[in-house]
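Peer 1: First, the structure itself, so that you have it in front of you.
The values are calculated or read from the model by the stated rules, or taken from the named source; none is laboratory data. These numbers were taken from a predicted model, which means no experiment stands behind them. So basically every Cβ, Gly included, is an ideal-geometry build from the backbone, and we count neighbours across all protein chains shown. Heads up: the accessible areas ignore ligands, DNA and RNA and are worked out on the full protein's heavy atoms, side chains in. Shrake-Rupley method; radii C 1.70, N 1.55, O 1.52, S 1.80 Å.
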Amino acid sequence: MNIRKNHMRLCFDSKSANESFARVAVSAFMSQLSPTLEEINDVKTAVSEAVTNAIVHGYKDESGEVVIDASLWDDGRVIIDVSDTGCGIDDISQAMTPFFTSQPEMERAGMGFAVMQTFMDDVRVTSRPGQGTSVFMVKRVKGSAK
Ligand SMILES: Nc1ncnc2c1ncn2[C@@H]1O[C@H](COP(=O)(O)OP(=O)(O)O)[C@@H](O)[C@H]1O
Ligand SMILES: [Mg+2]
């Protein structure tokens, strides 16, 4: 049975200034698993994409709160859930298709979910239109082998 070694929950305003704060906070938290630099950077990149999406798409730059729930497991997994209570996603599979963006005029590449899937071991999105979105991600940290 896997045991949860540590857990944290972070709630912050949907301001772009908090994107770097969020990725640094998560990387500092996961350092307890002795990850490699590459593993830290993978998680930072994925968290950045998810948090940016919550701010720019979920809340459309209006005010709201982004919540990051993160836990560390004794088998080396980092489980991160980034959620918002913003506008939600109508069609999740379309949203996750590479190059799809609902904001082409903002010069968004539509690669955020593809990046999350590349850098994390598992990515699951749940969303309800009008209620919000949750991006659940798992990274298996091998640097932690003991
Ligand atoms: N938290 C969210 N709330 C609402 N819509 C979202 C959220 N995250 C992603 N989306 C939708 O999914 C699309 C694809 O996201 P992504 O792959 O990151 O590309 P991009 O951010 O460049 O548009 C977005 O354009 C948006 O329509
Ligand atoms: Mg994005």
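Peer 1: Tell me which residues, restricted to the range 53-62, are touching a Gly at 6+ places or on another chain (Cβ under 9 Å), crowded, with 18+ Cβ neighbours inside 10 Å and closer than 17 Å to CYS11 by Cα.
Peer 2: Listed by number, the residues that qualify are ASN53, ALA54, ILE55, GLY58, TYR59.
Peer 1: I would also like to ask the following. Looking only at the range 1-35, how many residues end up being small (Gly, Ala, Ser) and over 13 Å from the mean Cα position of the chain (by Cα)?
Peer 2: Selection size over the range 1-35: 6.
Peer 1: I need a count of the residues in the range 63-91 that are near ligand 1 (Cβ under 8 Å from one of its atoms) and either open to solvent by 40 Å² or more (accessible area, probe 1.4 Å) or charged (D, E, K, R) (or both).
Peer 2: 2
Peer 1: Scan the range 135-146 for residues that are in contact (Cβ under 8 Å) with a residue 24 or more places away in the chain and surrounded by fewer than 20 Cβ atoms within 10 Å (Cβ to Cβ) and jot them down.
Peer 2: Of everything in the range 135-146, those that are in contact (Cβ under 8 Å) with a residue 24 or more places away in the chain and surrounded by fewer than 20 Cβ atoms within 10 Å (Cβ to Cβ) turn out to be PHE136, VAL138, ARG140, LYS142, GLY143, ALA145.
Peer 1: Could you check the range 19-43 and list, in sequence order, the residues that are assigned to a helix (DSSP H, G or I), of a type outside the set (Gly, Ala, Ser) and buried (at least 18 other Cβ atoms within 10 Å of the Cβ)?
Peer 2: Scanning the range 19-43 gives GLU19, ARG23, VAL26, PHE29, MET30, LEU33, GLU39, ILE40, ASP42, VAL43.
Peer 1: Further, regarding this structure: Which residue pairs have Cβ atoms closer than 8 Å, lie 6 or more positions apart in sequence or on different chains, and pair a first residue in the range 107-122 that is of a type outside the set (A, V, I, L, M) with a second residue that is more than 13 Å from ligand 2 (Cβ to nearest atom) and in a helix (DSSP H, G or I)?
Peer 2: So the pair list comes out as PHE119/ASP42; PHE119/VAL43.
Peer 1: Mind checking which pairs have a first residue in the range 83-101 that is modelled with pLDDT of 95 or more and hydrophobic (A, V, I, L, M, F, W, C) and a second that is more than 8 Å from ligand 1 (Cβ to nearest atom) and in a loop (DSSP other than H, G, I, E, B), Cβ under 7 Å, 6 or more apart or different chains?
Peer 2: Pairs that qualify, where the first residue is modelled with pLDDT of 95 or more and hydrophobic (A, V, I, L, M, F, W, C) and the partner is more than 8 Å from ligand 1 (Cβ to nearest atom) and in a loop (DSSP other than H, G, I, E, B), are CYS87/LYS60; CYS87/GLY130.
Peer 1: Looking at (1) surrounded by fewer than 18 Cβ atoms within 10 Å (Cβ to Cβ); (2) of a type outside the set (Gly, Ala, Ser); (3) over 24 Å from ILE40 (Cα atoms), which is the only condition THR118 fails?
Peer 2: (3)
Peer 1: Right, here's the next one. From the list VAL67, VAL125, which residue is in contact with a helix residue (DSSP H, G or I) (Cβ under 8 Å, 6 or more places away or on another chain) and either within 14 Å of ligand 2 (Cβ to nearest atom) or modelled with pLDDT of 95 or more (or both)?
Peer 2: After ruling out the rest, the residue left standing is VAL125.
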